[in-house]
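Colleague: Okay, here's the structure, questions in a sec.
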Amino acid sequence: MTRLTLLFLLCGLLLAALSTPVLSGPVQEPAAQEEEGTVIEDQMKAMKGGMRQLRRGLRDAENLPAALPIILEMQQAAHISKTEVPRMAAGIEDEKERAMFVTAYRQGMIATQKMMLELEDAALEGNLEKCAELYNALKDAQDKGHDRFTDG
Ligand code: HEM
């Protein structure tokens with residue numbers, strides 16, 4: 001075997017050794033997946049959709065019957081959300097403080113549910129003024145709730 005042949009052989013072996021782990025190594029993980037939405041996020045989106053529909057839906061008495069199923073859907077979404085734990089809770093190290101945060105969130109959602117029940121009642125009564133008042137109160141609860149219980 002000439003020196004040149006030996007050199008070629010060695011190069012070949014070296015190349016094979018270098019490429020093997022790449023070719024037969026574990027399949028690379030796909031790029032990090034988008035974070036999944038929480039139950040609260042999904043339900044809040046439904047509430048947002050409801051609020052959007054109610055913005056016009058509470059203006060005329062003749063639209064109130066159509067607003068009722070929307071209000072019921074929002075009540076359901078609030079009901080599902082209230083026993084969940086907001087994302088932000090994970091960042092609170094102190095156990096007592098975290099428990100207080102979760103309780104305060106639940107109470108905030110209970111207050112929201114009460115408003116939604118009152119809104120249903122006002123819509124049944126055809127009380128447009130009360131409906132508008134409660135719609136605004138819900139908007140306010142949304143802003144305050146997000147200030148306190150979300151990072152965003
Ligand atoms: C009608 C009233 C409300 C509406 C329409 C509403 C709507 C929303 C929307 C659109 C999001 C973002 C969802 C996403 O795309 O990720 C959200 C998130 C959130 N909302 Fe509300 N919200 C309302 C009231 C409240 C109240 C009263 C509270 C607290 C007592 C609250 C607590 C939260 C929390 C904690 C999140 C973050 C989700 C998580 O941590 O998992 N919201 N909300």
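No lab work stands behind these numbers, since they all come straight from the coordinates. Worth saying up front: this structure is predicted, and the values here are computed from it rather than measured. Neighbour counts are summed over all protein chains in view; Cβ atoms, including those assigned to glycine, are modelled from backbone coordinates with ideal geometry.
Colleague: Using θ = phi - 60° and the Karplus relation 6.51 cos²θ - 1.76 cosθ + 1.60, list the HN-Hα couplings for the range 47-60 in order, rounded to whole Hz, with x at every Gly or Pro.
Modeller: Working through the residues one at a time gives 5, 5, x, x, 4, 4, 5, 6, 3, 9, x, 9, 7, 10 Hz.
Colleague: Could I ask something else about it? How much FRET efficiency would the formula 1/(1 + (r/R0)^6) give for T38 and E125, where r is the Cβ-Cβ distance and R0 is 41 Å, rounded to 0.05?
Modeller: Plugging the Cβ-Cβ distance into 1/(1 + (r/R0)^6) gives 0.70.
Colleague: Ordered by residue, what ³J(HN,Hα) values in Hz, to whole numbers, does the range 63-71 give under the Karplus form 6.51 cos²θ - 1.76 cosθ + 1.60, where θ = phi - 60° and Gly and Pro are x?
Modeller: Working through the residues one at a time gives 8, 4, x, 6, 6, 4, x, 5, 5 Hz.
Colleague: Right, another one. Report the gain in length on full extension from T83 to R52: 0.36 nm times residue separation, minus Cα-Cα distance, nm rounded to one decimal.
Modeller: 8.7 nm
Colleague: How would V85, V39 line up from fewest to most surrounding beta-carbon atoms within 10 angstrom?
Modeller: In order of increasing Cβ crowding within 10 Å: V39, V85.
Colleague: Let me ask something else about it. Could you work out how far the C-alpha centroid of the range 129-152 sits from that of the range 53-83, in angstrom?
Modeller: Cα centroid of the range 129-152 versus Cα centroid of the range 53-83: 14 Å apart.
Colleague: Spelling out what I want: for every residue of the range 76-83, take phi, set θ = phi - 60°, compute 6.51 cos²θ - 1.76 cosθ + 1.60 (Karplus), and round to whole Hz; glycine and proline get x.
Modeller: Ordered by residue, 3J(HN,Hα) equals 5, 4, 5, 4, 5, 5, 5, 9 Hz.
Colleague: For the pair E95 and K45, what calculated FRET efficiency results from E = 1/(1 + (r/R0)^6), where r is the Cβ-Cβ distance and R0 = 30 Å, to the nearest 0.05?
Modeller: Here the calculated transfer efficiency is 0.50.
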